[in-house]
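Rule-based calculations on the coordinates, nothing more; no lab input. Keep in mind that what you see is a predicted model, and the values were worked out from it rather than measured. No Cβ is skipped: glycine too gets one built from the backbone with ideal geometry, and neighbour counts run over all protein chains shown.
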Amino acid sequence: MTSFWNWAVAAYGADGVAAQCLNLQDDHDQCVPLLLWAVWVGTNGGKLSAEAAEEGADMARSWSEAVVEPLRILRKRLRKPLSDIDDAARERIRAQVKSVELNSERELMTALEALSIIDFSEAKQNLTTLCTDNLVAAAKAWGPKVPRPQLISLIGTLSEGGFLEYTPAS
């Protein structure tokens, strides 16, 4: 079984995935680590129950609100030049904030991977369907609006990139 972090880094780096994830995050208020976790669980033959999706969403929401979002806001503020501050200094600090933000997302992903409330009884279900169902369950647990067309598009892109392959736990 590939670790969630390694799978997510590879998947996120595939053509089109980052843009779709950022669209889901910025335009549809979704949590990218939570969504990727839902798909990764499916690639390992796990089906997220509503309860498991809610537990993952609660964990992600708590960590995101306390750590990830404040860092993201600061990083975005540092995109623009600040009067009387050297641009190189601003960019150095922005790079450091970006690194801490990424590390905070990695910690969230490690915590999500450790959740042991996944039902593996449906491992023989069609993998695309399983991953799509998990993705929708996670999006539904995260917020009231489920951007289904964007989620289905993400599943298609991940599938085209070879990231919807069954990798069962050993």
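Where the centroid of each part is defined by its Cα atoms, how far is the stretch 137-154 from the stretch 1-75 in Å?
Between the Cα centres of the stretch 137-154 and the stretch 1-75 lies a distance of 12 Å.
Which of these values of P(r) over Cα pairs in 10 Å bins from 0, in percent was calculated from the structure shown: [x] 9, 34, 34, 19, 4; [y] 8, 25, 21, 12, 9, 8, 10, 7, 1; [z] 10, 38, 33, 12, 5, 1, 0?
[z]
Which order results if Met59, Met109 are arranged by neighbouring Cβ count within 10 Å, fewest first?
Met59, Met109
By its C-alpha gyration tensor, with a ≥ b ≥ c as the square roots of the eigenvalues, how is the stretch 2-65 shaped: rounded for a/c under 1.5, else prolate for a/b larger than b/c, else oblate?
Oblate.
Can you put Lys76, Lys98, Lys47 in order, fewest other beta carbons within 10 Å first?
Exposure proxy ranking, most exposed first: Lys76, Lys98, Lys47.
So what is the relative contact order of the stretch 4-160, in percent, for Cα pairs below 8 Å that sit 6 or more residues apart?
In percent, rounded to a whole number, it is 41.
Please list, ordered by chain and number, the residues whose modelled amide H lies under 5 Å from the amide H of Lys47; skip anything fewer than 5 residues away on the same chain.
Asp119, Phe120, Ser121, Glu122
Please identify, among Ala53, Ala66, Ala18, the residue showing maximal mean-square fluctuation in a Gaussian network model of the chain using a 10 angstrom Cα cutoff.
Ala66
How big is the dipole moment of the chain about its Cα centre under a simple scheme where the beta carbon of each Lys and Arg is +1, that of each Asp and Glu is -1, and everything else is neutral? Debye, nearest 20, please.
About 420 debye.
At Ala95 and His28, where each label point lies 7 Å from the Cα along Cα→Cβ, what is the point-to-point distance in nanometres?
Result for the modelled spin labels: 3.4 nm.
What residue among Trp142, Trp63, Trp37 shows peak mean-square fluctuation when the chain is described by a Gaussian network model with Cα springs under 10 Å?
Trp63
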